[in-house]
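Engineer: One structure, pasted below without further comment.
The values are calculated or read from the model by the stated rules, or taken from the named source; none is laboratory data. Everything quoted here is computed from the prediction, not taken from an experiment. Here the Cβ is made from the backbone with ideal geometry for all residues, glycine too, and neighbour counts use every protein chain on show.
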Amino acid sequence: MKEFIQKVLVRLEPSKNLIFISLAFWVSHIILRILLLFRNNPYGFPFVSKPDWYIFHAVCIDFLWICNSLIVFALISLIAQKASFKIFVTRLYAIFHSVVLLFTLLDNEVQRFLGSHLTFGLTNTYKDASSIAMFYDYVANDLSVPYLQFVVLVFILPLTYFVFKFLMRKRTGLNANAPVKKTIIAMAIFYVASFLFINYIWTGNARMAKLRPFVSLVYNELFNSTQNASLADDEAVKFGKAYQDLWQKVEGDSLWKFAKASADSKIPLYRIPAEALHQSENLQAKRKEHPNFIFIFMESHRGLNTGYMNPQIQPSPTPFLDTLAMNSHTWDRMHASGVPTTGGVLSTHIGIPHHSKLSQATELTHVTLPSFASILTDSGYVTHYFSAADPAWDNLGVWMSKWYTGVHYDRNREDDSTFFDHAATYMNDTLAKIGKPFLATFATRSNHYPFNFAAGMTEEDKQKPLTDRINITMRYADRQLAHFVRAIQKQEWYKNTYLIVIADHAFPLGENGVSTMNGGAFSNATWIPFLIHGKGIEPYRDTTTTSQIDVAPTILELAGIAAPNIFMGHNLLRGHGEGLSLGAYFGYADIGYNGKRLIAKYPINGEIQGLFDDGDMHQTNNLAESNNAEAKTLENLLDTLIKISDYSLEHGL
């Protein structure tokens, strides 16, 4: 081993500087990571609420890609025969890292400003000169440290050079190869440790997406891109018309008019309420009431474990929700339109299924996508989003800050008990006294995988199988929900409030042979509870086919607001038709229509995972083979709808 290293060092003699260049730039990247993770965003809020959960991953990620680039350039240097060419390779390596470092700084600032990485799509969106002026204004008004970006820009490369010279001085002496050998061995050990740490010891897809290095972004967009436009603009006109005809058929409402489709519009989903709808007595009466909304996302609440949806389960994991359902309008065939939390929460807000290919929360933040929350905000509502889990973790905080007037999170209130206690106090003491109608949206946490987060769980309970633990944590979350509702239901303002409860998504626990969130779109991952309780809402068990994209237009109907929008979903209070559900997940998509539910690989390749009767919520009878023609028809319709939804998400308004 020693002889091999010695031979390599001899061949690398003119370009040993590659190693110390790498380490110097690694130090600079660590500095940039610290300035990103431990600072506020430009609006005065922490970029991440738990920087200590990110920084070690960031250090390891940067070390890995820098070492990978070192190996590539070192191999080129080894192959080269002339010393002059080896020197050229070394200089090229320094230039390469200098460029990457500066673009990393820009990428970091784009993340702080827009919540998105610096991508080709984003660059195309903000390519005009006015964006440069806007960027300067943002730097000047940065509520963290104004103009710090420019200071870092000026000094980061000189600092890197200083670190490089310092390292070079450390290796000088009688035996210059000794520190090089030790450095190579140490780097090899740390490389292996870093790889194991981020891939096996402490993983996290959302964190990895946020910390993705700039070189990885460029590589993926050039060689492994999934961001090709779903449709050409002229195709969008044709697909858009097909969607509009279907929407009108399902909705049964001629008082909404779609904007005339054209290759220039790029918004085939954009629909406008007719004046007759806006002035209808029904909507006017609802607007005069100025109802409040309490909207609750219950983390991972499976329809398969919800008591009122499965009366055979005894005892029920959700006794309070079961009682609430008896006095509410429930939709017993509600499905998530995206998974996991980012997919479900975003789809519910914007009325469009999650993007079939992109990581929507991080890759589309530059697109303007209205939500029911933003429309209520624009209509005079005070809107607040409360999350028991860190919304910055999966980039949801960026979206909520766009739509809501206030975003709340505290790492000391991550248990549903303390979370709901604080929420009830804030609503009674603050929101209810503002003098305006309000929307308060809550996202719980205690029923999260691996279903051992509930406060007070015994070690014995934590060692039980997942199928048992989820019942324990769902029951715990249900108790906290009950405590919250009882703390507010006797308040005067609650009489004019709609309470809406839904899950962000379900969770597969081995049913249909699937036990991972990327294993398909079976009901174990998508079937969720959904109910609306409040004044004028009659108790009713509704079997209309629905999905999360229907929630946004339904809430606005309750508020008496008919505003232009791009929702693909339908008002669930319309009392017309059997409905339509739609969702896109990890490599799969599904549709519920005409009494059947189809699950298929996506993009469409002819691989159908299942066809079920819409009422077969446990999906025990797969009809795909016996109803091949019907499955193919639904597959074609699914392809059309997902293509138009992806296109709409990419373009927005």
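Engineer: If you scan the range 604-649, which residues turn out to be of a type in the set (Asp, Glu) and either in a strand (DSSP E or B) or not assigned by TED's automatic domain parsing to the domain that holds THR545 (or both)?
Structural biologist: ASP613
Engineer: Got a number for residues in the range 489-513 being under 21 Å from MET326 (Cβ atoms), in contact with a Leu (Cβ under 9 Å, 6 or more places away or on another chain) and touching a residue at least 24 places away in the same chain (Cβ under 8 Å)?
Structural biologist: 5
Engineer: So which of LEU277, LEU304, LEU358, LEU324 is within 28 Å of GLY240 (Cα to Cα), aliphatic (A, V, I, L, M), assigned to a helix (DSSP H, G or I) and in the same structural domain as PHE453 (by TED's automatic domain parsing)?
Structural biologist: Testing whether each residue is within 28 Å of GLY240 (Cα to Cα), aliphatic (A, V, I, L, M), assigned to a helix (DSSP H, G or I) and in the same structural domain as PHE453 (by TED's automatic domain parsing) leaves just LEU277.
Engineer: ARG475 - would you say it is at pLDDT 95 or above, more than 19 Å from TYR308 (Cα to Cα) and in the same structural domain as HIS329 (by TED's automatic domain parsing)?
Structural biologist: Here the answer is no, as ARG475 does not meet what is asked.
Engineer: Let me ask something else. List every residue pair whose Cβ atoms sit under 7 Å apart, with the two residues 6 or more apart in sequence or on different chains, where the first one lies in the range 44-58 and is touching a residue at least 24 places away in the same chain (Cβ under 8 Å) and the second, anywhere, is surrounded by fewer than 17 Cβ atoms within 10 Å (Cβ to Cβ) and of a type outside the set (Phe, Trp, Tyr).
Structural biologist: Cβ pairs passing all conditions: GLY44/LEU143; PRO46/ASN40; PHE47/ASN40; SER49/ARG411; LYS50/ARG411.
Engineer: Mind listing just one residue for me: the one in the range 26-70 that is closer than 28 Å to LEU167 by Cα and of a type in the set (S, T, N, Q) and, of those, surrounded by the most Cβ atoms within 10 Å (Cβ to Cβ)?
Structural biologist: Looking at residues that are closer than 28 Å to LEU167 by Cα and of a type in the set (S, T, N, Q), I get SER28.
Engineer: Before we move on, is THR341 in contact (Cβ under 8 Å) with a residue 24 or more places away in the chain and over 21 Å from GLY587 (Cα atoms)?
Structural biologist: no
Engineer: For the range 127-148, check the following and say yes or no: at least one residue is part of a helix (DSSP H, G or I), modelled with pLDDT of 85 or more and of a type outside the set (Asp, Glu).
Structural biologist: Within the range 127-148, one or more residues are part of a helix (DSSP H, G or I), modelled with pLDDT of 85 or more and of a type outside the set (Asp, Glu).
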